[in-house]
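Structure first, then comments.
The values are calculated or read from the model by the stated rules, or taken from the named source; none is laboratory data. This structure is a prediction, so every number in the text was calculated from the model and none was measured. Cβ sites come from the backbone with ideal geometry, for glycine too, and all protein chains shown count toward neighbours. Surface accessibility is based on the protein's heavy atoms, side chains included, excluding ligands, DNA and RNA. Shrake-Rupley method; radii C 1.70, N 1.55, O 1.52, S 1.80 Å.
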Amino acid sequence: MTFIDVTRPGTQLKRGNLHIITKTIREIEDIFTRMGFETAEGPEVEDEFHNFDALNVPADHPARDMQDTFWVSGVEEMVLRTHTSGVQNRAMSEKTPPMRIIAPGRVFRNESIDATHEAQFHQCEGLMVGEDISLANLKGVLLQFLRVYFDDDTVQLRFRPGYFPFVEPGVEVDVTCTKCKGMVAADDVTCNVCKGSGWIEILGSGMVHPNVLEAGGIDSKKYQGFAFGIGIERLIMLKHGVDDIRDFYDGEIPFIQQF
Amino acid sequence: MHYSYNWLAKHFDTPLPSPQELGEVVGLHAFEFEGLEEVDKDGVKDTLIDWDVLPNRSSDALSYRGMVHEIAAVLDTTAREQAGFIVGSDAFSEEIQTSNFLSLNVENESSVLRATKRLAIDVKVGESPQWLKELLLSIGQKSINNVVDITNYVMWETGQPVHAFDYDKLAGAENDSVEVSIRYAKNDEKITDLTGTEHELDDSMIVIADTEKALDIAGVKGGMGSGVDENTKRVMLSVCNFNYVSVRKTARKLKLHTDASKRFENEVPIGKVEEAMQLLSRAIQDVAGAQVSAEIVDSNPVVITREKITLSVSTTNSILGTDLNKEEIVAYLARVRCDAGEGDTEFAVSVPPERLDLNFAGDLIEEVGRLYGYEKLESVMPTDGFDLPVVSPLNAAIRGISDTLVTLGFYEVKNRSIVEKGAVKLSNPLNKKRGELRDYLHIQLMERAEKNLAYSDKPKLFEIGKVWTGIEDGELQELWRFTGIIGQRKIKDKNKEAIFLEAKGALEQACSAMGVSDINFVVSEHEGLEADILNNEGKAIGHMWVNGWELDLEPLVEMIDDSVDYKRPSKYPRIDRDVAVFVPVDTIVDSVMNLIKKELPKETQEFELFDVFEKDEKKSFAFRIVFQSDTETLSDEWANGVLDNIYSILTKEDYEIR
């Protein structure tokens with residue numbers, strides 16, 4: 001009888017790994033697909049209309065400063081998109097309500113690069129338009145998403161007034177701190193993630209401004225809806241404890257293989 | 001912006017919650033609470049509360065009065081608009097007529113929305129009273145003299161920047177006849193500002209000037225020559241409103257950003273001119289003992305009436321997802337000083353003139369919602385139906401490729417889109433090394449593979465992403481690309497083909513996983529490249545070098561054929577035969593296979609190359625052919641006959657059968 005050493009490590013065909021951003025986008029897509037959202041895609045370089053005007057951000061308005069933008073040379077009025085909202089405008093123009101859309105993708109901001117800021121990062125925007133979609137529905141959908149994504153039924157969210165030109169009311173969304181869960185630590189040390197507040201700001205959202213609906217060819221007297229934008233690196237940093245955003249783009253196997 | 005707790009508290013008769021509590025409650029209902037800062041300096045003890053006032057509320061809330069209104073709304077309490085510091089009255093001098101001392105000419109009314117001037121005489125410039133020094137100290141401002149400090153106080157208190165000119169320093173003052181004009185600067189006109197910096201202006205910028213020179217960069221900063229000092233006896237009070245676009249552009253060009261320019265850039269409501277002039281005048285009388293003229297020279301004594309906004313109970317509840325009645329809605333609106341008219345289901349609402357952010361029903365609904373409290377909103381899943389989401393072919397293809405490559409041992413990387421050298425430039429680069437859009441993925445991929453040799457002898461990487469190849473007919477060319485590499489320390493000549501075939505194999509498997517099986521590889525004419533990759537129409541869609549590939553993804557997606565052509569497998573036995581042949585060393589396998597293919601009958605199920613070896617300057621290909629019929633058992637004789645055909649064709653080419 002030949003001896004088989006069953007404790008030897010199995011012979012494996014070595015697997016690689018998907019990038020955590022890809023995995024996260026797939027996870028987000030899968031969660032929202034189950035809620036009936038369709039994924040839409042669009043160009044990374046947008047014209048001014050799709051990146052600003054269609055989103056109720058007029059020229060010369062201080063709100064344009066809220067996002068530092070890269071401009072492309074050699075073509076008129078083209079920018080590296082600062083959010084994926086242009087995709088939503090295109091989707092609205094092509095469809096009739098009710099509609100549920102998510103638009104994940106790469107976006108760009110001209111900001112100094114440091115541990116929490118990169119020139120390119122990823123966002124996932126969402127849009128739901130119908131005859132009586134409300135802020136309460138936004139709460140419902142986001143709460144479902146956050147609970148599934150963080151795999152924790154006890155996760156809570158909190159709305160605070162915020163301002164984005166494309167929504168009114170505008171809402172900042174906080175989620176229960178992933179690290180301390182809002183509870184005081186046994187050693188009384190203040191949580192360094194939420195600074196003791198128990199909440200982490202996680203995304204921006206609100207009810208779509210009528211001007212934005214109209215720019216997408218939707219009758220704002222008949223339809224209403226909500227929109228939200230999630231920072232994907234931010235989500236990953238909160239869920240997995242990554243603390244330097246530059247690591248996502250350095251292409252090192254020891255980083256990629258961990259997720 | 002940081003707000004002094006003491007200063008805010010002066011507007012309330014009842015004590016406010018603690019700074020932390022106040023910070024938080026306003027944070028939940030109005031402006032994000034960023035934190036507290038304690039002040040304990042020169043006998044002044046105060047707490048600064050930092051709230052993030054965003055552009056939509058910068059017109060009204062970047063001031064103590066504005067924030068006080070907001071606090072009163074959030075706490076549902078009453079506030080006094082006057083802080084109570086100034087005890088002077090509104091009794092001004094009828095004997096002094098401002099228009100006897102100065103005239104005002106506004107050159108461009110679309111840039112200068114309103115300009116007001118008022119004369120004050122017998123001004124006793126000196127040290128500021130203690131309350132004023134303490135307020136300014138709390139917010140980190142220096143005390144200069146009582147008049148300058150008051151202008152500062154009025155700006156912070158009302159949100160309207162104001163200025164005081166030393167009247168006697170203006171041209172014509174010796175004859176009591178100053179001509180003030182608010183005009184465009186001349187190109188290259190210079191002005192030295194209050195802090196001594198000289199600026200060169202151009203004709204897009206507005207200045208306040210006398211007949212000799214520019215005195216003030218309108219909306220941005222005052223000039224040095226006309227400021228108030230210890231010798232000043234007569235003061236020209238100036239409160240103006242400027243077009244926000246103009247101030248913004250000027251501030252940007254001069255790289256001069258001040259507390260005043262910040263406010264004008266966010267639009268100061270025009271009614272504040274009167275409010276601020278009143279407070280400024282009373283304060284000058286009270287604090288500097290001056291006599292202020294009852295007359296205000298005003299370029300545009302406008303009364304603003306805001307249009308009423310129609311709001312409906314049902315829309316409010318529909319947007320918020322609440323069930324409020326009219327009384328409740330009206331009560332919330334009253335807290336932000338909005339008055340509702342008649343009507344049970346729908347009514348007209350008047351808004352305070354300085355709330356420039358309240359323009360349509362949605363803005364009012366936000367007021368109701370945030371004061372009602374978003375924490376009270378239920379979480380309700382929507383109940384309307386939806387069409388089944390469609391998965392795009394591109395998305396499905398990307399998933400298929402990525403999953404296959406991962407199984408084959410590849411790691412996915414995401415590299416930066418903005419690089420040092422590309423085909424398209426940015427007008428505002430990040431820095432010298434990041435100013436162009438990438439036109440290839442493989443350049444960074446090769447760098448990454450090199451670096452990853454620190455962790456693996458054979459790092460396998462891939463990326464799917466967008467590149468920009470240039471501008472054609474004014475259109476930017478943005479494309480999806482797909483690249484992969486098998487990293488190697490050094491590729492020896494004898495291993496070149498093996499590495500190439502491994503990379504090619506991975507690419508072929510990835511393509512087949514997405515339903516693409518008819519890409520072709522031909523020898524490349526480009527230097528440094530091994531193969532060009534062609535689509536099913538013979539068009540080049542990418543390239544391979546020895547250990548990697550890069551190709552356009554969209555043409556691949558167009559080639560997807562995942563149709564199934566089902567045929568019941570035959571029950572009759574299979575026969576296989578091997579054909580091995582020696583060929584000259586530079587013979588490519590495609591040429592031999594194409595020859596053999598012509599001789600293969602319809603019963604051929606498989607025809608594959610299974611071995612290649614080189615020995616003594618001869619190369620051998622070995623093929624396996626499998627035959628099977630749907631209708632009968634094939635015989636050995638039949639198979640041998642087929643092979644004889646094949647052998648004779650090969651021999652005709654001078655190939656040696658093994």
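Restricting attention to the stretch B:395-407, and to residues there that are within 7 Å of another protein chain (Cβ to nearest Cβ) and in contact (Cβ under 8 Å) with a residue 12 or more places away in the chain, which single residue is farthest from B:E502 (Cα to Cα)?
Going through the stretch B:395-407, the residues within 7 Å of another protein chain (Cβ to nearest Cβ) turn out to be B:395, B:402, B:405-407.
Restricting the remaining residues to those that are in contact (Cβ under 8 Å) with a residue 12 or more places away in the chain gives B:402, B:405.
Details: B:S402: 17, B:L405: 12 Å.
Among them, the one singled out is B:S402.
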## Note on the structure
Apart from one, (1) open to solvent by less than 10 Å² (accessible area, probe 1.4 Å); (2) over 17 Å from the mean Cα position of the chain (by Cα); (3) within 29 Å of B:N395 (Cα to Cα); (4) more than 8 Å from chain B (Cβ to nearest Cβ) all hold for A:I28; the odd one out is (2)
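From the list B:I471, B:I418, which residue is among the β-branched types (V, I, T), under 32 Å from the mean Cα position of the chain (by Cα) and open to solvent by 30 Å² or more (accessible area, probe 1.4 Å)? Steps first, answer last, please.
Details: B:I418 fails: open to solvent by 30 Å² or more (accessible area, probe 1.4 Å).
The match here is B:I471.
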#### Entry: Hits in the stretch B:241-251 (condition: farther than 11 Å from B:L113 by Cβ and within 10 Å of another protein chain (Cβ to nearest Cβ))
B:V245, B:R248, B:K249
### Message
Criterion first (assigned to a helix (DSSP H, G or I) and over 28 Å from B:K142 (Cβ atoms)) does B:E212 satisfy it?
### Response
no
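If I go through the stretch A:146-164 residue by residue, how many of them are outside any strand (DSSP E or B), within 11 Å of another protein chain (Cβ to nearest Cβ) and surrounded by fewer than 21 Cβ atoms within 10 Å (Cβ to Cβ)?
2
If you check A:P97 against the conditions, is it over 28 Å from B:E34 (Cβ atoms), touching a strand residue (DSSP E or B) at 6+ places or on another chain (Cβ under 7 Å) and not in a strand (DSSP E or B)? Spell out how you get there, then give the answer.
Details: over 28 Å from B:E34 (Cβ atoms): yes; touching a strand residue (DSSP E or B) at 6+ places or on another chain (Cβ under 7 Å): yes; not in a strand (DSSP E or B): yes.
Yes, satisfied.
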### Message
If the requirement is being crowded, with 16+ Cβ neighbours inside 10 Å and more than 9 Å from chain B (Cβ to nearest Cβ), which of these qualifies: A:R34, A:R64?
### Response
A:R64
### Task
Would you mind telling me which numbered condition in (1) within 9 Å of chain A (Cβ to nearest Cβ); (2) under 27 Å from A:D247 (Cα atoms) B:L476 fails?
(2)
### Message
Given the condition open to solvent by 10 Å² or more (accessible area, probe 1.4 Å), in contact with a helix residue (DSSP H, G or I) (Cβ under 6 Å, 6 or more places away or on another chain) and farther than 26 Å from B:L364 by Cα, answer yes or no: does some residue in the stretch B:14-31 qualify?
### Response
yes
## Note on the structure
Per the filter on the stretch B:438-462, residues open to solvent by 40 Å² or more (accessible area, probe 1.4 Å), at the interface with chain A (Cβ under 9 Å from one of its Cβ atoms) and under 22 Å from A:R106 (Cα atoms) are B:E447
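Restricting the stretch B:254-270 to residues that are more than 14 Å from chain A (Cβ to nearest Cβ) and under 22 Å from B:E198 (Cβ atoms), which is most open to solvent (accessible area, probe 1.4 Å)?
First pass over the stretch B:254-270, keeping only residues more than 14 Å from chain A (Cβ to nearest Cβ): B:254-256, B:258-260, B:269-270.
Remaining after also requiring under 22 Å from B:E198 (Cβ atoms): B:254-256, B:258-260.
Numbers: B:L254: 26, B:K255: 166, B:L256: 21, B:T258: 30, B:D259: 61, B:A260: 19 Å².
This residue is B:K255.
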### Query
What number goes with the only condition from (1) farther than 24 Å from A:P210 by Cβ; (2) within 14 Å of chain A (Cβ to nearest Cβ); (3) crowded, with 16+ Cβ neighbours inside 10 Å that B:L358 does not pass?
(1)
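Would you be able to say whether some residue in the stretch B:415-437 is part of a helix (DSSP H, G or I), among the aliphatic types (A, V, I, L, M), facing another protein chain (nearest Cβ under 8 Å) and in contact with a strand residue (DSSP E or B) (Cβ under 9 Å, 6 or more places away or on another chain)? Explain how you work it out, then say what you get.
Step one: filter the stretch B:415-437 for residues part of a helix (DSSP H, G or I), giving none.
No: zero hits.
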### Query
Taking B:R489 and the conditions (1) within 14 Å of chain A (Cβ to nearest Cβ); (2) in a loop (DSSP other than H, G, I, E, B); (3) not small (G, A, S), which numbered condition does it fall short on, given that it satisfies the others?
(1)
### Task
Return only the number of the condition from (1) touching a residue at least 12 places away in the same chain (Cβ under 8 Å); (2) within 11 Å of chain B (Cβ to nearest Cβ); (3) more than 19 Å from the chain's Cα centre (by Cα); (4) surrounded by 19 or more Cβ atoms within 10 Å (Cβ to Cβ) that A:I253 does not satisfy.
(1)
### Task
Mind telling me which of the residues B:G465, B:G484, B:G470 ends up being touching a residue at least 40 places away in the same chain (Cβ under 8 Å) and more than 10 Å from chain A (Cβ to nearest Cβ)?
B:G484
### Task
Identify the residue in the stretch A:194-227 that is among the polar types (S, T, N, Q) and open to solvent by 60 Å² or more (accessible area, probe 1.4 Å) and, among all such residues, is nearest to A:F32 (Cα to Cα).
A:N211
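Out of A:N56, A:N51, report the one residue that is touching a strand residue (DSSP E or B) at 6+ places or on another chain (Cβ under 6 Å) and either exposed (fewer than 11 other Cβ atoms within 10 Å of the Cβ) or more than 10 Å from chain B (Cβ to nearest Cβ) (or both). I'd like the intermediate steps shown before the answer.
On the way: A:N56 fails: touching a strand residue (DSSP E or B) at 6+ places or on another chain (Cβ under 6 Å).
Sole residue among the options that is touching a strand residue (DSSP E or B) at 6+ places or on another chain (Cβ under 6 Å) and either exposed (fewer than 11 other Cβ atoms within 10 Å of the Cβ) or more than 10 Å from chain B (Cβ to nearest Cβ) (or both): A:N51.
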## Note on the structure
Checked against (1) of a type outside the set (G, A, S); (2) outside any helix (DSSP H, G or I); (3) buried (at least 19 other Cβ atoms within 10 Å of the Cβ), B:L364 satisfies every condition except (2)
